[in-house]
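Written below as C-alpha cells is the structure these notes are about.
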Amino acid sequence: MGLRSRINTKQLLFAAGLAIILFTVLLDATVLSNLKSSYQDTKNIISKLAGSTEEEANPLKWLKELPENDWLSQGEEFLSFYGYDSKTKTVWDKKYLVSRNKILAVSAAFDTFLLLLLFLLFHFLQRQNKQRVDEVEKALRQLQTIDSDALNFVSAALEPVLRDRLFSLQEQIQTDHTQLQEEKESTKAFVTDISHQLKTPVAALKTNLEILSGEEMTKKQQKEFLNSCISQLEGLENLTKTLVNVSRMEKGMIQLHLQPADIGETILAAVSRIYEKAAEKDISIEMPQGSFPEHVLVPHDKKWTIEVLVNIMDNAVKYSEPHTQITIHTETLTTYLKIDIEDEGIGIPKSEYHKIFQRFYRGDLVKETEGSGIGLYLAREIMEKQNGIIFVRSRHGRKGSIFSIQLPKA
C-alpha cells in the first residue's frame with residue numbers, strides 16, 4: 001500500500017507539472033498571437049491614415065469600430081511602398097517585442113514558481129513516506145522480538161489504518177507464539193505420557209520373556225507366562241491403536257460422516273462388541289423394556305459412535321466388581337436423544353468429573369488399574385465433532401457412575 005501510494009504521488013506530481021507547462025505555453029502562444037495581430041493592425045491603421053486625404057481620414061472612427069480588411073490591406077501597402085516590410089523594425093514592433101518579453105518573463109517566472117512548489121511538495125511527501133517506512137521498519141523489527149508488550153514508539157503520524165494493522169499483526173504474532181509454546185509444552189507432556197504408558201507393559205513383557213528363556217518350568221507355567229505376554233502385547237496394540245486415532249482426530253485426518261441412522265442398531269452393535277468381556281466377569285448388560293428406542297433415526301457417524309459406546313462400557317466392565325450390572329437407558333427429547341450408561345463400579349469423585357476427559361488423566365482410584373487415560377478423551381473429541389456432548393454424573397446414595405451422551409436430532 002505504501003509503495004503504491006508513493007508511485008501514485010510521483011506520477012500525479014509529474015502529470016501536474018507537465019499540465020501546467022503545457023497550459024502556460026498554449027496560453028502564451030494565444031496571447032502573443034493576439035498581441036502581434038493587434039500591433040500589426042494598429043501599424044496598418046496609422047499607415048492608412050497617414051496616406052489618406054483629410055476627408056477620408058477620420059481617426060476617431062477606428063477607436064469605436066473595427067477597421068475593414070480593405071482598409072488594413074491598404075495601410076499595409078503604404079508601409080511596403082515606403083520600404084517597411086515584415087523585417088523592418090518600427091516603433092510598434094519594438095513595443096510589441098517589449099510586451100512579448102514581459103509576458104514571456106512573467107510566464108517563465110510563474111512556471112518556475114509552480115515547478116519549485118511542486119518540487120518542494122514532492123520532497124516533503126518523500127520525506128514523509130521515508131519516515132513512514134522507517135516507522136514501519138522499526139515496528140517490524142520490534143515485532144520480531146516477540147516479547148515486546150506494545151508498539152508504543154509508533155508515531156501518531158502514521159495513518160490510523162496502518163497503526164491498527166501493525167497492532168493487529170503484533171497481537172496475532174503474540175497469539176501464534178503463545179500457541180506454539182503451548183503446543184510445544186503439550187507435545188513434551190504427550191511424549192512423557194506415552195513413555196509412561198509404554199513403560200509398564202514393556203517392562204512386564206521383558207520380565208516374562210526373561211523368565212521363559214532362563215528357567216525351566218512346566219508347560220502349565222510356560223502357558224501362564226505366554227498368556228501374560230499375549231495380554232501385554234494386546235494392551236500395547238490397543239494403546240497404539242488409540243494413540244493413532246487420537247493423533248488422526250487432532251490433525252483432522254479423521255472425517256466423521258453424519259447420516260441419519262437407527263440409533264438402536266448402533267447401541268446393539270456396541271453391546272455385541274463388549275458382551276463377551278462382560279460375561280467373563282459375570283457382568284450383565286441390561287436394556288430395560290420401554291427405555292430402548294425403536295427405529296429412531298439420529299444423524300451420527302455409526303462407526304465412531306460405536307467406538308464411544310464401547311469405550312464407556314469397557315471402562316464400566318474394567319472398574320466394576322463381578323456379578324454387577326450395566327444398564328443402558330435412552331430418552332428421546334424434543335431436540336436431542338440421550339443415552340445413559342450406568343454401572344455399579346467404583347464411581348468417580350465429583351472433583352474429577354471435568355478432569356477424566358483430559359488426555360492421559362488417571363484418577364486416584366484407578367491409578368493401580370491398567371489403562372491409558374485417553375479413551376474418554378477420544379470419546380469427547382468424537383462427540384464434539386458430531387455436535388454432541390458427553391458428561392458423567394452419579395445418583396445420590398447409589399454406587400457407580402452414569403455416563404450420558406446427547407446427540408442432536410434431525
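The values are calculated or read from the model by the stated rules, or taken from the named source; none is laboratory data. Being a predicted model, the structure only gives us computed values, none of them experimental. Neighbour counts are summed over all protein chains in view; Cβ atoms, including those assigned to glycine, are modelled from backbone coordinates with ideal geometry. The area values use the complete protein model at the heavy-atom level, side chains included, leaving out ligands, DNA and RNA. Shrake-Rupley method; radii C 1.70, N 1.55, O 1.52, S 1.80 Å.
Given a 1.4 Å probe and heavy atoms of the protein chains only, how would you sort Asp28, Asp164, Asp41, largest accessible area at the top?
Most to least solvent-accessible, the answer reads Asp164, Asp41, Asp28.
Give me the percent relative contact order of the stretch 198-289, please, defined on Cα pairs under 8 angstrom at least 6 residues apart.
After rounding, I find 23 percent.
Sort 172-184, 327-339 for me by packing, meaning the mean count of neighbouring Cβ atoms within 10 Å per residue, highest on top.
Values: 172-184: 11.2, 327-339: 15.1.
Put in order of decreasing packing, that is 327-339, 172-184.
Roll a 1.4 Å probe over the protein heavy atoms and report the accessible area of Ser99 in Å², nearest 10.
In the full protein context, Ser99 sits at about 30 Å².
Leaving out ligands, DNA and RNA, what percent of the accessible area of the stretch 173-329 is carbon and sulfur, probe 1.4 Å?
Details: 5220 of 9900 Å².
Summing carbon and sulfur atoms, their accessible area is 53 percent of the total for the stretch 173-329.
Just to verify a number: what accessible area does Ile389 come out at with the full protein assembly present, 1.4 Å probe, Å² rounded to tens?
Probe radius 1.4 Å; accessible area of Ile389 about 80 Å².
Going by amide H atoms built from the backbone, whose H comes under 5 Å of the H on Ile326, apart from near neighbours?
Ser284, Ile285, Glu286
Leaving out ligands and nucleic acids, note down the accessible area per residue over the stretch 215-310 with a 1.4 angstrom probe, in whole Å².
Numbers: 6130 Å² over 96 residues.
With the other protein chains kept in place, the stretch 215-310 gives 64 Å² per residue.
Sorting Lys303, Lys95, Lys355 by accessible area (1.4 Å probe), largest first, what list results? Spell out each step's value before the answer.
Numbers: Lys303 130, Lys95 100, Lys355 70 Å².
Descending order: Lys303, Lys95, Lys355.
Pairs to check: Lys281/Lys399; Lys220/Lys318; Lys199/Lys303; Lys223/Lys302. Give those whose C-alpha atoms are more than 29 Å from each other in this structure.
Lys199/Lys303; Lys223/Lys302
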